[in-house]
Amino acid sequence: MKSDQWRRFLRVAASSNYQFYSKEMNSRALERLAMESKLRRAIERNEFELHYQPKLDLRSDTVTGVEALIRWRHPELGLIPPMEFTPIAEESGLIVLIGEWVLQEAVRQIRKWKHEGLPELHVAVNIAGPHFQQPGFTEFVYRTLEGADVSPSLLELEVTESMLMDDRTTTFATMSTLKTMGLRLSIDDFGTGYSSLAYLKRFPVHALKVDRSFVKDMPGAEDDSAITSAIIAMAHSLRLEVVAEGVETTEQLNYLNMRHCDYAQGYLISRPVPAADLSQFVRDRLAAKVCAT
Ligand code: C2E
Ligand code: MG
Ligand code: MG
């Protein structure tokens, strides 16, 4: 091509969608690569921490469990929430290393709370699909609990509906082994995925966590309230417990109580907080209860 033809070609290419798309693709791929290497460094430098959000047992009005939620304490950017790095960690496979750290740290914390004399708390840990499907996952969980001398009954694993539907034979076998070991299993964000009710009955699950999107506009939004009530009724008839996520108002809490929901979790009770603040929160609630009686 002659030079003026080249120039015309480049001008057209630059203004075309193709050029725009490939530029976007390039910068996204580069961003992902950069994020991946930052994550690797974060793992090496131990920059992650767990925060804990209490779960309120609605029958006894006591905190009997917590959910462990990961945060990345970046040296310059501060605290980074999980949704900003777990998707890339999953794509790159780094989620297995991160998930192993989360499990070890949660189990270490259970032991620490026990030594501090805090009332027994169940700790729920979110498990990503690629980690759950990893060969040797159940052995890792077993070794971690045994190494810390922690009862498996104090550890709960939260999986998602889509994980139930992926590679069902392996998932079923893994879940059965975990149940035999004495762990509890719950389905997170329930109602947003596509799990078959037949599988729900077959899989060894202990609890369903009603997704925050249904709880958010309750009790005003009739459809959301009806869905939440239906999930609670269905879960109970399958002998499963129900946790409502994202409870922010007393109206929501009253509605859930009226529908005999088992547990509530949300900002109304407490935001996720560092381990030390969580134990203080539990002690303060206990003291307030003792004073009230
Ligand atoms: P999730 O497991 O459904 O956790 C609940 C999320 O809702 C948490 O966000 C929590 O801070 C937030 N939340 C709790 N109560 C309220 C409320 O009343 N109002 C509102 N607006 N939000 C509330 P977070 O900590 O940013 O975590 C987001 C998601 O990241 C989690 O959703 C979970 O899917 C994932 N995640 C968190 N920690 C881990 C982890 O250690 N491993 C893996 N694989 N995923 C994790
Ligand atoms: Mg969860
Ligand atoms: Mg959830």
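The table below lists the values:
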| read-out | value |
| --- | --- |
| Per DSSP, loop trypsin sites (Lys or Arg not before Pro) in segment 155-259 with at most 10 further Cβ within 10 Å | Arg239 |
| Farthest toward positive dipole pole in segment 26-292 [+1 Lys/Arg, -1 Asp/Glu at C-beta], among Phe137, Ser151, Ala207 | Ser151 |
| Cα gyration tensor shape for segment 26-292, rounded if a/c is under 1.5, else prolate or oblate | rounded |
| Loop-located chymotrypsin sites (Phe, Trp or Tyr not before Pro) in segment 202-293, at most 14 other Cβ atoms within 10 Å (DSSP) | Tyr267 |
| Cleavage-rule hits (GluC sites (Glu not before Pro)) in segment 35-100: DSSP loop, at most 13 neighbouring Cβ within 10 angstrom | Glu76 |
| Cα centre as origin, Lys/Arg/Asp/Glu Cβ charges: segment 196-293 dipole, Debye | 460 debye |
| Fluctuation leader among Leu79, Leu121, Leu56 - the chain, Gaussian network, Cα springs under 10 angstrom | Leu79 |
| Rg(Cα)/(2.2 N^0.38 Å) for segment 237-293, N = residue count | 1.32 |
| Contact order normalised by residue count of segment 25-83, Cα under 8 Å, 6+ apart, percent | 25 percent |
| Lys, Arg +1 and Asp, Glu -1 on Cβ, resulting dipole of the chain about Cα centre, debye, nearest 20 | 680 debye |
| Total lysine pairs whose alpha carbons fall under 22 Å of each other in the chain (8 or more apart, or interchain) | 10 |
| The chain: most fluctuating residue of Ala34, Ala106, Ala235 per GNM, C-alpha cutoff 10 Å | Ala34 |
| Cβ-defined net charge surrounding Glu156, 12 Å radius [Lys, Arg +1; Asp, Glu -1] | 0 |
| Separation between Cα centres of segment 131-197 and segment 43-88, rounded to whole Å | 19 Å |
| 9 Å beta-carbon shell around Gly191, net charge (K/R +1, D/E -1) | -3 |
| Over the chain: helical MRE at 222 nm, DSSP H runs n ≥ 4 each giving -39500 (n - 2.57), nearest 500 | -16500 deg cm²/dmol |
| Carbon plus sulfur fraction of accessible area for the chain, probe 1.4 Å, in percent | 53 percent |
| Length-normalised contact order of segment 183-290 in % [C-alpha pairs under 8 Å, at least 6 apart] | 22 percent |
| Relative contact order of segment 26-292, pairs being alpha-carbon contacts under 8 Å that are 6 or more residues apart, as % | 18 percent |
| Beta bridges by DSSP in segment 26-292, antiparallel share as percent, to the nearest 5 | 45 percent |
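The values are calculated or read from the model by the stated rules, or taken from the named source; none is laboratory data. Since we're looking at a predicted model, the values are computed, not measured. Cβ atoms come from the backbone with ideal geometry, glycine included; neighbour counts cover every protein chain shown. SASA here: full protein model, heavy atoms, side chains in, ligands and nucleic acids out. Shrake-Rupley method; radii C 1.70, N 1.55, O 1.52, S 1.80 Å.
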